[in-house]
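Have a look at the structure below, then the notes.
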Amino acid sequence: MKLSEVSIRRPVLASMFSPRWCCSGPSLQPAFGARAAGHRSAGDLGDDRAPGANAQVVETAVTDVLEEELSTIQGLRTLSSASAEQTSNITLEFTLDRPLRSRRRTCATRCRGCGAACR
């Protein structure tokens, strides 16, 4: 018997379960994980700091090297970056023709591959 059939045949039962589903749904959401909730977190690959490095040093020694390597990834839609004192943030946006997990692996491999050049 489907839920729609039960709701039509037994409206009182359906009206009693409806508030219960509304109340228990949000409390059970963390148990479902990101896939059921439809939320995807950004693929943060790491957080390395360069103590004492000013923004220009970070830009030339880290950001430019990583941008060169990451810009050749197939399916890349946009690439943007921002360098500040001791840190660099690079944001990549991809087309949806391949899974996010595969894209993350490719980015991590490329970042590890140019790690020596960034030092």
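Could you check segment 94-113 and list, in sequence order, the residues that are out of contact with any helix residue (DSSP H, G or I) (no Cβ under 7 Å at 6 or more places or on another chain), surrounded by 10 or more Cβ atoms within 10 Å (Cβ to Cβ) and charged (D, E, K, R)?
ARG98, ARG103, ARG104, ARG105, ARG112
Inside segment 84-93, can you point out the residues that are among the hydrophobic types (A, V, I, L, M, F, W, C) and surrounded by 14 or more Cβ atoms within 10 Å (Cβ to Cβ)?
ILE90, LEU92
Of everything in segment 70-83, what is part of a strand (DSSP E or B) and either exposed (fewer than 12 other Cβ atoms within 10 Å of the Cβ) or charged (D, E, K, R) (or both)? Give them in sequence order.
First pass over segment 70-83, keeping only residues part of a strand (DSSP E or B): 76-83.
Selection gives ARG77, THR78, SER80.
Within the set of pairs 6+ apart or on separate chains, which have a first residue in segment 54-71 that is assigned by TED's automatic domain parsing to the domain that holds THR109, a second that is charged (D, E, K, R) and assigned to a helix (DSSP H, G or I), and C-beta atoms under 9 Å apart?
From residues that are assigned by TED's automatic domain parsing to the domain that holds THR109, the pairs are LEU66/ARG110; GLU69/ARG110; LEU70/ARG110.
Give me a count of the residues in segment 99-119 that are modelled with pLDDT of 85 or more and either over 22 Å from the mean Cα position of the chain (by Cα) or in a loop (DSSP other than H, G, I, E, B) (or both).
1
The values are calculated or read from the model by the stated rules, or taken from the named source; none is laboratory data. What you are looking at is a predicted structure, and each value in this text was computed from that prediction instead of being measured. Reconstructed Cβ throughout: ideal geometry from the backbone, glycine too, with neighbour counts over all protein chains shown.
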